[in-house]
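Structure record follows, encoded as structure tokens.
Every read-out reported here was derived from the displayed coordinates using simple, explicitly stated rules and does not represent laboratory data. Here the structure is a predicted model, which is why all the values come from computation and not from measurement. Please note: Cβ atoms are built from the backbone with ideal geometry, for glycine as well, and neighbour counts cover all protein chains shown.
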Amino acid sequence: MKKWFNVGKIVNTHGLRGEVRVISRTDFPEERYKTGNMLFLFKSGEKEPIELVVSSHRTHKNFDLLTFEGYDNVNQVEAMRDGILKVPESQRGTLEEGEYYFQDIIGCLVATIDGEEIGKIVEILTPGANDVWVVKAKKGKEILIPYIEDVVKKVDIKEKLILIEPIEGLLS
């Protein structure tokens, strides 16, 4: 069975020339939405995805704006709204050491190097210089873990376990 990865959701059309507004779910929008790249549109109620080839990409506010080959007016893309853009696992690409896909990190258990269980990662924020992993602690509190070498000591994707060495004030 083919495994798919979500790279974005079409939330609206933009203008009259077939551009769609996408909320990106990928770490690599420049790569994913490059002209000539193939994306697959999954719409609820449809069995088979629609194959799309990116013909343009630009960013506007917090959105990625895309057009696709063969779709050049708003009437053709209106039906794509609420569709999910995905790529097959074969297109996932390789990462450098210390780089991870969001979907591999979310759901991981976080513990200190001393063995104290903190909670599970529920979200990843990308505010600036480094990512911040949002951990839902046992007591329901959210703890923000900066993804920096001083704090994150081991990431084990296979075991879904992340070991951290908390800096002062991190867990309080």
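Can you give the calculated 222 nm mean residue ellipticity of the chain, where each DSSP H run of n ≥ 4 adds -39,500 (n - 2.57) and the sum is split over every residue, rounded to the nearest 500 deg cm²/dmol? Could you put the intermediate results ahead of the total?
Numbers: 3 runs with 12 residues, N = 172.
Here the helix-only value at 222 nm equals -1000 deg cm²/dmol.
Can you pull out the GluC sites (Glu not before Pro) in region 1-41 whose DSSP state is coil and whose Cβ has at most 10 other Cβ atoms within 10 Å?
When the GluC sites (Glu not before Pro) of region 1-41 are filtered for loop state and at most 10 Cβ neighbours within 10 Å, nothing remains.
So what's the gap between the Cα centers of region 103-164 and region 55-87, to the nearest angstrom?
33 Å
Kindly provide the pair-distance distribution of the chain built from C-alpha pairs, with 10 Å bins from 0 and whole-percent values in order of increasing distance.
9, 33, 26, 21, 10, 1
Around His60, under 13 Å between beta carbons, what's the net of Lys plus Arg minus Asp minus Glu among the other residues?
Details: positive: Arg21, Arg58, Lys61; negative: Glu19, Asp64.
Once all neighbours under 13 Å are counted, the net charge is +1.
Considering every pair of different Cα atoms, what Kirkwood radius, in Å, is found for region 102-164? Working shown, then result.
Values: mean 1/r = 0.0867 Å⁻¹.
In region 102-164 this quantity evaluates to 11.5 Å.
Students often get this wrong: which residues of region 49-76 have the backbone nitrogen under 17 Å from the point 7 angstrom along Cα-to-C-beta of Asn12?
The answer is 58-67, 74-75.
Excluding same-chain pairs closer than 8 in sequence, count the lysine pairs in region 1-79 whose Cα atoms lie under 19 Å apart.
Close lysine pairs under the 19 Å cut-off: 9.
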